[in-house]
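Novice: Quick one: this structure, given as structure tokens, is what I'll be asking you about.
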């Protein structure tokens, strides 16, 4: 069900990108939006992992430098017949973790020093299984494409705003359509970026649920991840991380606080719902 939902949302994002391009710049705008998105996706596919790891000053470690993390990852990939990813540690007391890389053969798993000191082995196994599930399902690629498309739509809207500011946008449409083209473009400038962000968040949430379930199946112990998520939720409240919003969707728990209306734009589903689904796997609900 989550796979179908993700496919639908990715298709919807692509359609929105082309429609926004056409509304803001006609047929040429639609073509520009499509080509621009392809270029951004290509760049993100090849270089996003290096950028993110450098952004958080992640340091590659060996099994001697991070024995527990390294041994857990090694055991999990052997169990699932996956390639061994590179292991990184981030010197940060906020307990969190993420995975990155364009495919399972070029993946990396990063953990903070805070998460290693906070969780026991059973809990850390659940967290690392969650991240390896993202790698296995190629969620990093999906998330990158969704984020890039959302960024392209926002950039198109910004370009249209500048064009309108200098009086070069929508005049021909006004003559041909009595102002209807101008009004439609104005509405698209406001609504398209919001819609793109909501779709991106929905895709991210769907993949988080699937990674939780994948981790539970991989370890055979949903309760380990449940316990970890509870600790991580409290740990991130106690020691917030200065994280870039563009990378928030990568972490196992959101490093950004969001409540009320702002929660609509959260990259992660409510923690209570994640825990409830995992406990349903434990008790067969």
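Each value in this text was obtained by applying a stated rule to the coordinates, not by laboratory testing. These numbers come from a predicted model, not from an experiment. Don't worry about glycine lacking a Cβ; one is built from the backbone with ideal geometry, like all the others, and counts go over all protein chains shown.
Novice: Mind sorting 111, 282, 226 by how few other Cβ atoms lie within 10 Å of their own Cβ, fewest first?
Specialist: 282, 226, 111
Novice: Moving on to the next point. Measuring from centroid to centroid over Cα atoms, what is the spacing of region 202-234 and region 61-104 in Å?
Specialist: Answer, in whole Å: 16.
Novice: I've got another one for you. Sort 219, 267, 62 so that the residue with the fewest other Cβ atoms within 10 Å of its own Cβ comes first and the one with the most comes last.
Specialist: Listing 219, 267, 62 from fewest to most nearby Cβ atoms yields 62, 219, 267.
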